[in-house]
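J.: Have a look at the structure that comes next, please.
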Amino acid sequence: MNLKNYIRSIPDYPKKGILFRDITTLIKDQNAFVETINQIVERSKKFKFTKIAAIESRGFIFASAVSYILKKPLIMLRKKNKLPAKVHSIDFELEYGTATIEVHKDSIGSDDIVLIIDDLIATGGTAEAAAKLVEISNGKVAAFIFVINLFDLGGSDNLIKNNYKVDNLINFPGH
């Protein structure tokens, strides 16, 4: 199954000049969604990890299913002020703005090796912030798995240059 065929491209969203890769068309198709999860599970077997972290919000869709199948704890990396207990926070740049993500301080410990899952990587700001959250929590990053890599925006390349392992299911140009 070619998962690329299930991704809708929307020009000028959320702002002019952005070509948005929409995963809603992938997840609304039962077979495409199951195949996506199966591929992530299969690729995750290359890495040793104790926990899975999901980046809000679309990363939750994929990581929760993978976590269930692999019977691994799921950690939520959330937008600012969405977690009720004490948190670590990281501010970062997006392709089209700035943001903050947080993790509960008690979610990741020094014995944890974390696989980070998200729907898409563009410039890599969110992914780099996620790695920093794992590391300031004294955990280690096992790898990143993305459904979509916007290869010409450099996010995956930057992660690899910073010695992170990266895998993805689909490659698209970002523009």
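J.: Going by the structure shown, is Gly97 in contact (Cβ under 8 Å) with a residue 12 or more places away in the chain and not acidic (Asp, Glu)? Break it down into steps so the answer makes sense when it comes.
T.: Working: in contact (Cβ under 8 Å) with a residue 12 or more places away in the chain: no; not acidic (Asp, Glu): yes.
Taking the combined requirement at face value, the residue does not satisfy it.
J.: May I ask you to list the residues in the stretch 50-66 that are surrounded by fewer than 20 Cβ atoms within 10 Å (Cβ to Cβ) and over 15 Å from Phe33 (Cα atoms)?
T.: Once the filter is applied, which keeps residues that are surrounded by fewer than 20 Cβ atoms within 10 Å (Cβ to Cβ) and over 15 Å from Phe33 (Cα atoms), the stretch 50-66 yields Thr50, Glu56, Ser57.
J.: Next question, about the same structure. With Lys140, Lys71, Lys80, Lys86 as the choices, which residue is more than 10 Å from the chain's Cα centre (by Cα), at pLDDT 95 or above, surrounded by 15 or more Cβ atoms within 10 Å (Cβ to Cβ) and of a type in the set (Lys, Arg)?
T.: Details: Lys71 fails: surrounded by 15 or more Cβ atoms within 10 Å (Cβ to Cβ); Lys80 fails: surrounded by 15 or more Cβ atoms within 10 Å (Cβ to Cβ); Lys86 fails: surrounded by 15 or more Cβ atoms within 10 Å (Cβ to Cβ).
From the options Lys140, Lys71, Lys80, Lys86, the qualifying one is Lys140.
For (1) assigned to a helix (DSSP H, G or I); (2) aromatic (Phe, Trp, Tyr); (3) within 21 Å of Thr50 (Cβ to Cβ), each residue gets a yes or a no:
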| residue | (1), (2), (3) |
| --- | --- |
| Thr100 | no, no, no |
| Ser110 | no, no, yes |
| Leu115 | no, no, yes |
| Ala142 | no, no, yes |
| Phe146 | no, yes, yes |
| Leu169 | no, no, no |
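J.: A follow-up question, please. Check off (1) under 24 Å from Asp152 (Cα atoms); (2) crowded, with 17+ Cβ neighbours inside 10 Å; (3) in contact with a helix residue (DSSP H, G or I) (Cβ under 9 Å, 6 or more places away or on another chain) for Arg21 and give me the number that stays unchecked.
T.: (3)
J.: Filter the stretch 151-175 down to residues that are at pLDDT 95 or above and touching a Leu at 6+ places or on another chain (Cβ under 7 Å) and give me whichever is nearest to Ser9 (Cα to Cα).
T.: So, considering only residues that are at pLDDT 95 or above and touching a Leu at 6+ places or on another chain (Cβ under 7 Å), the one nearest to Ser9 (Cα to Cα) is Phe172.
J.: Considering the stretch 36-68 alone, what residues qualify as being within 16 Å of the chain's Cα centre (by Cα) and among the hydroxyl-bearing types (Ser, Thr, Tyr)?
T.: Thr36, Ser44, Ser57, Ser64, Ser67, listed by residue number.
J.: Counting residues that are of a type in the set (Phe, Trp, Tyr), which helices (runs of 4 or more DSSP H) fully inside the stretch 12-80 reach at least 1? Don't jump to the end; show me each part of the working.
T.: Working: elements: 24-27, 30-44, 58-70.
Counting at least 1 such residues, we get 30-44, 58-70.
J.: Anything in the stretch 107-137 that is surrounded by fewer than 23 Cβ atoms within 10 Å (Cβ to Cβ), of a type in the set (S, T, N, Q) and modelled with pLDDT of 95 or more? List them, or say none.
T.: Hits for the stretch 107-137 are Ser110, Ser137.
The values are calculated or read from the model by the stated rules, or taken from the named source; none is laboratory data. For clarity, every value in this text was computed on a predicted model and none was experimentally measured. Backbone-built Cβ (ideal geometry, glycine too); neighbour counts: all protein chains shown.
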